[in-house]
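Notes to accompany the following structure.
The values are calculated or read from the model by the stated rules, or taken from the named source; none is laboratory data. Quantities reported herein were computed from a predicted structural model and do not represent experimental measurements. Reconstructed Cβ throughout: ideal geometry from the backbone, glycine too, with neighbour counts over all protein chains shown.
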Amino acid sequence: MAAQTPPAAPAHDPAARRDLAVRAAVAQGLVGGAEDAEPLVCLLDVAGIRASAAALTAAFAAALPAGTPVLHAFAVKAAPLAAVLRLLADAGLGCEVASPGELALARAAGVAPERTVLDSPVKTAAELREALALGIAVNADNPQELARLDALVAAGPTRSPLGMRINPQTGAGTIGALSTATSTSKFGFALRDPGAREWLVRAYVERPWLTRLHTHSGSQGVPLALIAQGVRELHALAEEINAAAGRRQVDTLDIGGGLPVNFASDTETPTYGEYVAALREAAPGLFGGGYGLVTEFGRSLLAKHGLVLSRVEYTKTSGARPIALTHAGVQLATRTVYAPAAWPVRILAYDAKGVPKTGAPVAQDIAGPACFAGDLLAAGRELPALAPGDLIAVPDTGAYFFTAHYGYNSLPRPAVHGFTLTPTGEVRFALAREAQPLRAIPEEAGASHRDAFLPGPDSSPAGV
């Protein structure tokens, strides 16, 4: 009998693609329940990433007049992987970088300078010189940085679009650490401080080469209305500057990113369409075609498309609480472990063959491998009873989780694979980042300098 072609539905269903990928990861040896199999791997859904990029570009294209310049610059810090940046560039996106390392990564991924934006509150003079030499857009964070740009611009022409980051001081969301538009935020020029607005308008009028304005109110925990309010303040300031200058000096508004992500289910909400609708209501002039736009989304493009897969190594009870000990913990889900109330994750249970587990739910802790008591992915989570050799999966981890490894206990970085489905339903994997070999850890820790603090051949013993 001829093999039946799998139904087409999984190609359009992220949850179905995920289940197929888990089973294929086991079958193809990327991870497994056997003692000698790989205990940990991380996956990225390539089709899901492309779908998010398409949804972003489509939402803004539908709301703007044809021909309006728009650059969607992916926030590299959300997923600093060359393959991710290359994929997004192929989908039409650029990069927003906030460090020399991120800039080097964007360049290594082939992202053009004119599609790159440099944001950081602590840019060195050398970083600024490099950016201006390359023609990368720069948003100055403070008056002292602006003075450095003054000197660099006076020294010679540059192709770099230059602007200033504004803190609209519109308030915080539910996660203070990710709220960047508070009254005392470390980011940008505080717009509502006494005399600040007048100073900003004058600074622009005196510098015709300042042609952009930038703001970013925060991300997870910041509601759309608050983000939109910050963008409205930015647009109003641009109009005021242009009126004072008597010309269209500010021609581009960088409105940042910050779309929150739903970590409670597979539903993607809010959508980019809902975000654009909130902006149109708060700042309708933004969509009149008078300004080019730059966005800087990160988490919302990648989070829903990442998956951590770990073997359950042991199970035990303590105080009658079942505990599953796994290889996935603080090194991959740093924010969840240190701030579980703000960053809860879902846990999915699979058997050793990668098939979803069924059975009566049992409240159990899902623990990581790090040597401290708080290394828990979940506490008292109701799941089918886990046993050694089973697999746990942690979805929604494509941004700020395994992509940015935390080196607690010198735990090595796991491999990252992207996966796609063929028309016949076959899962194909492509390596995005190799697993870190154990030999690299002593090298990173300075093994070649291990005698650096010992007395040299001509030295006296310490304290003599």
**Message:** If I filter region 142-188 down to residues being within 25 Å of GLY94 (Cα to Cα) and at pLDDT below 75, which single residue comes out as surrounded by the most Cβ atoms within 10 Å (Cβ to Cβ)?
**Reply:** ALA181
**Answer residue from region 96-141, given it is polar (S, T, N, Q) and modelled with pLDDT of 95 or more and is nearest to PHE74 (Cα to Cα) among those** = THR116
**Message:** Conditions first: (1) crowded, with 19+ Cβ neighbours inside 10 Å; (2) free of Cβ contacts under 8 Å to residues at least 40 places away in the same chain. CYS371 passes all but one, so which condition is the exception?
**Reply:** (1)
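Listed here are the residues, each with its yes/no results for (1) under 16 Å from GLY230 (Cβ atoms); (2) out of contact with any Leu (no Cβ under 7 Å at 6 or more places or on another chain); (3) modelled with pLDDT of 95 or more; (4) surrounded by fewer than 19 Cβ atoms within 10 Å (Cβ to Cβ).
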{"residue": "SER265", "(1), (2), (3), (4)": "no, yes, yes, yes"}
{"residue": "THR269", "(1), (2), (3), (4)": "no, yes, no, yes"}
{"residue": "TYR272", "(1), (2), (3), (4)": "no, no, yes, no"}
{"residue": "TYR291", "(1), (2), (3), (4)": "yes, no, yes, no"}
{"residue": "THR295", "(1), (2), (3), (4)": "yes, yes, yes, no"}
{"residue": "SER300", "(1), (2), (3), (4)": "no, no, yes, no"}
{"residue": "LYS304", "(1), (2), (3), (4)": "no, yes, yes, no"}
**Prompt:** List the pairs whose first member sits in region 292-315 and is closer than 30 Å to LEU162 by Cβ, whose second member is in a strand (DSSP E or B) and among the acidic types (Asp, Glu), and whose Cβ atoms are under 6 Å apart, counting only residues at least 6 apart or on separate chains?
**Reply:** VAL294/ASP254; GLU296/GLU96
**Message:** If I ask for residues that are more than 14 Å from LEU391 (Cα to Cα) and in contact (Cβ under 8 Å) with a residue 40 or more places away in the chain, which ones from region 21-36 would you list?
**Reply:** GLN28
**Asked** Taking region 254-271, which residues are of a type in the set (A, V, I, L, M) and touching a helix residue (DSSP H, G or I) at 6+ places or on another chain (Cβ under 6 Å)?
**Response** ILE255, LEU259, VAL261
**Message:** List pairs: first residue in region 441-459 and within 20 Å of ASN409 (Cβ to Cβ), second residue modelled with pLDDT of 95 or more and in a loop (DSSP other than H, G, I, E, B) anywhere in the structure, Cβ distance under 7 angstrom, at least six positions apart or on different chains.
**Reply:** ILE441/PRO412
**Fill in**
Taking region 296-324 and keeping only residues that are over 22 Å from ALA404 (Cα atoms) and among the aliphatic types (A, V, I, L, M), one is left with VAL312, ALA320, ILE323, ALA324
**Request:** Give the residue, chosen from ALA360, ALA432, ALA373, that is assigned by TED's automatic domain parsing to the domain that holds PRO322, closer than 24 Å to LEU307 by Cβ and of a type outside the set (Ser, Thr, Tyr).
**Result:** ALA432
**Prompt:** Taking the stated definitions as given, is ILE241 touching a helix residue (DSSP H, G or I) at 6+ places or on another chain (Cβ under 6 Å), hydrophobic (A, V, I, L, M, F, W, C) and either in a helix (DSSP H, G or I) or modelled with pLDDT under 95 (or both)?
**Reply:** yes
**Complete:** Of the candidates PRO457, PRO423, PRO437, PRO388, the one satisfying the condition of being surrounded by 12 or more Cβ atoms within 10 Å (Cβ to Cβ) and not basic (Lys, Arg) is PRO388
